[in-house]
1. Could you check, for the stretch 159-180, whether at least one of its residues is in contact with a helix residue (DSSP H, G or I) (Cβ under 8 Å, 6 or more places away or on another chain) and polar (S, T, N, Q)?
2. Looking at (1) polar (S, T, N, Q); (2) at pLDDT 80 or above; (3) in contact with a Ser or Thr (Cβ under 9 Å, 6 or more places away or on another chain), find the lone condition where SER66 falls short.
3. Only helices (runs of 4 or more DSSP H) wholly contained in the stretch 112-162 count here; list those with 3 or more residues that are modelled with pLDDT under 90 and out of contact with any Asp or Glu (no Cβ under 6 Å at 6 or more places or on another chain).
4. Would you be able to tell me the number of residues in the stretch 1-33 that are part of a helix (DSSP H, G or I), of a type outside the set (D, E, K, R) and either in contact (Cβ under 8 Å) with a residue 40 or more places away in the chain or surrounded by fewer than 13 Cβ atoms within 10 Å (Cβ to Cβ) (or both)?
5. Quick one: in the stretch 34-56, of everything that is part of a helix (DSSP H, G or I) and charged (D, E, K, R), which residue is farthest from the chain's Cα centre (by Cα)?
Amino acid sequence: MSLDQLIYKCKSNDTKAQSELYKLFSSKLFSLCLKYSRNYAEAEDNLQDAFISIFKKIDQYKNKGSFEGWLKRVTINTALQRYRQQGVFEIINDENIEDETVNVEDEDDISIDYLLKIIQELPDRYRLVFNLYVLDGYSHNDIADLLKITSGTSKSNLARARQILKTKITDYKMGISSQSL
């Protein structure tokens, strides 16, 4: 069955088609949920909530653009809704936050697993903005709209996330270099 046929059947509330769609996209969307969740269990909850939203809103998909892109947007919005409801964001009105970068290129001694681990450990508001901006390419204005914060708050949270990561990476590298002595 083609993807278009599968979408059409899902729009008609066909449970077999919904199950097939879940099997087709759940692993990709779960990876996305992990980026926006505190832990594995919360990611599972976010995935389930995302699929409930997907099936409720599938009529809104008009077969224009990437269906997978649409699924990802619904999934991200579903995960972010939890944080909007919890009010984890501190509103900052300063629009002149410096955009400090953390350069980890050419760092052979830092594993991707370690980087993902320290990103996952960031406080919610910093992790969400970092993931949206750095990993998913959203602008600060788009992040502000998604999270119901100002773009200054987005910039501030990104700067703080980067500073925390920079400190953890420096500490990690110091630990490696002291072990090799």
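The values are calculated or read from the model by the stated rules, or taken from the named source; none is laboratory data. On a predicted model such as this, the values are computed, not experimentally measured, just so you know. Note: ideal-geometry Cβ built from the backbone for every residue, glycine included; neighbour counts use all protein chains shown.
1. No - not one qualifying residue is present in the stretch 159-180.
2. The number of the failed condition is (3).
3. Numbers: elements: 112-120, 124-130, 140-147.
Fully inside the stretch 112-162 and qualifying: 112-120.
4. Our first condition is that a residue be part of a helix (DSSP H, G or I); within the stretch 1-33, this holds for 3-11, 15-33.
Filter again for of a type outside the set (D, E, K, R), leaving 3, 5-8, 10, 15, 17-19, 21-22, 24-27, 29-33.
Okay, now just the ones that are also either in contact (Cβ under 8 Å) with a residue 40 or more places away in the chain or surrounded by fewer than 13 Cβ atoms within 10 Å (Cβ to Cβ) (or both), so 3, 5, 7, 10, 15, 19, 25, 27, 29, 31-33.
Here the count works out to 12.
5. Initial filter on the stretch 34-56 (part of a helix (DSSP H, G or I)): 34-35, 40-56.
Okay, now just the ones that are also charged (D, E, K, R), so 35, 42, 44-45, 49, 56.
Working: LYS35: 4, GLU42: 13, GLU44: 14, ASP45: 14, ASP49: 15, LYS56: 21 Å.
So, considering only residues that are part of a helix (DSSP H, G or I) and charged (D, E, K, R), the one farthest from the chain's Cα centre (by Cα) is LYS56.
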